[in-house]
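So the structure is just underneath, and the comments pick up after that.
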Amino acid sequence: PKIVIAGPPAGGKGTQCELIKAHYGCHHISTGDMLRAAAADEENEIGQKAKEKMEAGELVPDELICGLLKQELEKPEAKENGWLLDGFPRTGGQVKAMERMFIVPNKVIMLQVPDDVLLKRVLGRRMDPETGKIYHIEMNPVPDDDDKAAIEARLITREDDTEEKFSKRIAAFHENEAVILAAYPGARVLDGNRAPDDVSVDITAYLNA
Ligand code: AP5
Ligand code: ZN
């Protein structure tokens, strides 16, 4: 499949992508994860340009993100197994760039979650830098097993997960939401304010339809 998953900051895109990837084996492309990896590398010019914007909760320029995406889609794993775009396109300019590059999804999912719930998710989110797994201190804690203590000890909080930066991120999302939905009239809009497994059941039904 060629899937786009859109939604607000902390809407559950990354969480659902882990489940979709496990089920369909498609290549997961998170522009946010790619930019964070590039930003962590001091020699990476693109990363250093993006870093300031991301940490301020602002969108990075369309040209920069489109270049990164193009490289990623040319990888054999994307060509062979299909792809899952997490957080792209998120502006009208990115929709147009995709069209110009003939990147056409056959499934588009938009997650919807109320802003107040999103803020709670942002403030409690933690990431495992070793596995990339996403947790929430209350809503999605590390499961009880042998590694729990070790995992908890290494969890990090994202630089943009503060209330102030969240308000910028959510404003940018709402500014662009209508443009994205208009670009994909067949998109499946799903209630993301439910347990991850319940959301996943609806996504699977849509992808299999
Ligand atoms: P990106 O990393 O994509 O950030 P985002 O869009 O703000 O989305 P998040 O990653 O915050 O949330 P998510 O929807 O993946 O939710 P998650 O599953 O983690 O982008 C970061 C930055 O990079 C942008 O701000 C921008 O600067 C730049 N950027 C990226 N793409 C760009 C683009 N195309 N153009 C321009 N700039 C771009 O879940 C969140 C939390 O909630 C977790 O704690 C999780 O455990 C919990 N949770 C998830 N689902 C549920 C559930 N169903 N119930 C309860 N808790 C849940
Ligand atoms: Zn994410």
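Laboratory data are not the source of any read-out in this text; all were calculated from the coordinates shown. It should be emphasised that the depicted structure is a prediction, and the values quoted were computed from it without experimental measurement. No Cβ is skipped: glycine too gets one built from the backbone with ideal geometry, and neighbour counts run over all protein chains shown.
Things to note:
- In units of the compact-protein estimate 2.2 N^0.38 Å, the stretch 37-88 shows a Cα radius of gyration of 1.25.
- Fully extended contour minus Cα-Cα distance, from D202 to V189, at 0.36 nm per residue: 3.7 nm
- Residues whose placed amide H lies under 5 Å from that of A6, excluding near-sequence neighbours: I109, M110, L111
- Tail weight of P(r) past 26 Å, computed on alpha-carbon pairs of the chain, percent: 32
- Among F166, F88, the order by Cβ neighbours within 10 angstrom, fewest to most, reads F166, F88.
- Entries in K70/K96; K120/K168; K75/K165; K2/K51 that, when Cα-Cα distance is taken, lie over 24 Å: K75/K165; K2/K51
- Within the chain, helix-based [θ] at 222 nm, where runs of 4 or more DSSP H residues each add -39,500 (n - 2.57), nearest 500: -16000 deg cm²/dmol
- Inter-centroid distance (Cα atoms) of the stretch 73-140 relative to the stretch 15-45, Å: 8
- Separation in nanometres of the label points that stand 7 Å from Cα toward Cβ, at A22 and E175: 3.6
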